[in-house]
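Since the structure comes first, as structure tokens, the remarks are kept for the end.
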Amino acid sequence: RRPADTEIDWKAYMQEVEGFANGTLDYTQLKGDTGPLVYPAGFVYIFLGLYYATGRGSDIRLAQYLFAGLYLLNLLLVFRIYCRTNKVPPYVFFFMCCASYRIHSIFVLRLFNDPVAMAILFLAINLFLEERWSWGCLLFSLAVSVKMNILLFAPGLLFLLLQRFGLLGCIPKLCICALLQVVLGLPFLLVNPMGYLTRSFDLGRQFQFKWTVNWRFLPEEVFQNRVFHAALLLAHLAGLGLFALHRWHRSCAGQLGSCCGITRPASCVCPLNASAWIVFILFSSNFLGVCCSRSLHYQFYVWYFHTLPYLLWCTPTTKLAHMPKVLLLGVIELCWNTYPSTVCSSLSLHICHGLILLQLWYGTAPTPVSHTPPLSRKPTAMSKKAQ
């Protein structure tokens, strides 16, 4: 039998898009049982399609079948990325497929919009790996229009575009991203532009303490404090700056110079090929954002679950070091399956995140270049006259 809370978010989504189906173009008037619509316009169009496909949202079983297909497609896209990088041992894919009850629930049981956004994002990354940057930027922007968490990948993508095309060359790609947002939001922008922008791109929205997974060990007044939020933002920006300056541009492969048009530094970090370099920058950019998030709710696990194996295995690993990495995956899974979250589970999650960050930082540290003195020439034999 379907749990009683399965329909909560699905019904709210259907109520939000039903207003649009009835002709409401004022974004502030699109609401559901859980509150006002707070997602960009791409969410409205995709879930409007699901609204009609499931008999105005009444056939939840059919919706779950559709999301099961989305789950399989998402796995296929992720596996294709991992095969291109050739960094993760095959047995780890078992954990990605079968070992996460929470991920299965997010996709197939609760029907959140987060999996839709992530599946589109992974399709965009596949296009980046195929050097189809324009199409990749288009799909990246489409993913952002479903849910804004995709913006956590944006700093890494901007870094890649600057490295690949230069300052002037990356402007058309950024215009593709911006133009799609304008086109999708145009019906709502024409009616109430400020209402659309403030609702769909509300970066200052407050989260409820009872749903937080990562900050349960803090007092609620600290959790809601704006100073705390500003400190997290500064930590996020500092982390991005440090990785951009000291890790991302050094994490290159032997063929990186020919692929991305930049000079290979004298001391490379680890033997990443060009595909792995792209994935490392995007995944680490997102992970830094997750670590500094003001709050993580249970459905947010899908934001980075499929990137964790790569983050753990992209650095050089000895055979004996595989088990601690599998253990880290297990502890993170346990933290996300603890409901409601506890002081212990939230602290454990931060410890695991901190260990992964330390591994990414020190595991990709540039190796010191040894300056060996040039070999001295052998003394030539003295001529007979000199003798």
Exercise. Give Lys87/Lys210; Lys147/Lys210; Lys87/Lys147 a once-over and call out the pairs whose C-alpha atoms are over 31 Å from each other.
Key: Lys87/Lys210
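Give the average over all directions of the projected area of the C-alpha convex hull of the stretch 286-344, one decimal, in nm².
Numbers: hull surface 18.6 nm².
Convex hull of Cα atoms, orientation-averaged projection: 4.6 nm².
Using R₀ = 30 Å, calculate the FRET efficiency as 1/(1 + (r/R₀)^6) where r is the Cβ-Cβ separation of Leu197 and Thr24; round to 0.05. Walk me through the numbers on the way to the answer.
On the way: r = 17 Å, r/R0 = 0.57.
Between Leu197 and Thr24 the formula returns 0.95.
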Quiz item: Taking a point 7 angstrom from the Cα of Leu237 along the C-beta vector, which residues in the stretch 291-308 have backbone N less than 18 Å away?
Solution: 291-294
Quiz item: What nm distance separates the two modelled labels at Leu190 and Leu162, each placed 7 Å from Cα along Cα→Cβ?
Solution: 3.8 nm
Quiz item: Solvent-accessible area per residue for the chain at a 1.4 Å probe radius, Å²?
Solution: 48 Å²
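By the gyration tensor of its Cα atoms, with a ≥ b ≥ c the square roots of the eigenvalues, what is the shape of the stretch 1-112: rounded for a/c under 1.5, prolate for a/b over b/c, or oblate? Display every interim value, and only then the final one.
Numbers: a/c = 2.64, a/b = 1.94, b/c = 1.36.
Prolate, because a/c is 1.5 or more and a/b exceeds b/c.
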Practice problem: With no solvent and one equal point scatterer per Cα, compute the Debye intensity ratio I(q)/I(0) for the chain at 0.09 Å⁻¹ and report its log10, rounded to two decimals. | Solution: -0.56
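Can you tell me the mean projection area, over all orientations, of the convex hull of the stretch 110-242's alpha carbons? Units nm², please. Mind showing how you got there, number by number?
Details: hull surface 41.8 nm².
Averaged projected hull area, Cα only: 10.4 nm².
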Quiz item: Within the chain, what's the longest stretch lacking GluC sites (Glu not before Pro) that sit in DSSP loops with no more than 14 other Cβ atoms inside 10 Å?
Solution: 132-387
Quiz item: What percentage of the solvent-accessible surface of the chain, computed with a 1.4 Å probe over protein heavy atoms, is contributed by carbon and sulfur atoms?
Solution: 66 percent
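Over the alpha-carbon set of the stretch 73-151, divide Rg by the Kirkwood Rh and report the Rg/Rh ratio to two decimals. Show your work: numbers first, answer last.
Values: Rg = 13.4 Å, Rh = 13.4 Å.
Rg divided by Rh gives 1.00.
Which is the longest run of the chain containing none of the trypsin sites (Lys or Arg not before Pro) found in DSSP loop states (not H, G, I, E, B) with at most 15 other C-beta atoms within 10 Å? Walk me through the intermediate numbers first.
Values: sites that count: Arg1, Arg56, Arg132, Arg205, Arg377, Lys384, Lys385.
That gives 206-376 as the longest site-free run.
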Exercise. Could you order Cys98, Cys335 by accessible surface area, starting with the largest, using a probe radius of 1.4 Å?
Key: Cys98, Cys335
Quiz item: Expressed in nm to one decimal, what extension gain is obtained for the pair Tyr362 and Val331 from 0.36 nm per residue of sequence separation less their Cα-Cα distance?
Solution: 9.0 nm
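Report the charge-dipole magnitude of the chain in Debye, nearest 20, computed about the Cα centre from +1 at each Lys and Arg Cβ and -1 at each Asp and Glu Cβ. Intermediate values should be presented prior to the final figure.
Working: 30 positive and 15 negative charges, 381 e Å.
The calculated dipole for the chain is roughly 1820 debye.
The values are calculated or read from the model by the stated rules, or taken from the named source; none is laboratory data. Values in this document were obtained by computation on a predicted structure and should not be read as measured data. Using ideal geometry, Cβ is built from the backbone for each residue, glycine included, and neighbour counts are taken over all protein chains shown. Accessible surface is based on the protein model in full, side chains and every heavy atom, while ligands, DNA and RNA are left aside. Shrake-Rupley method; radii C 1.70, N 1.55, O 1.52, S 1.80 Å.
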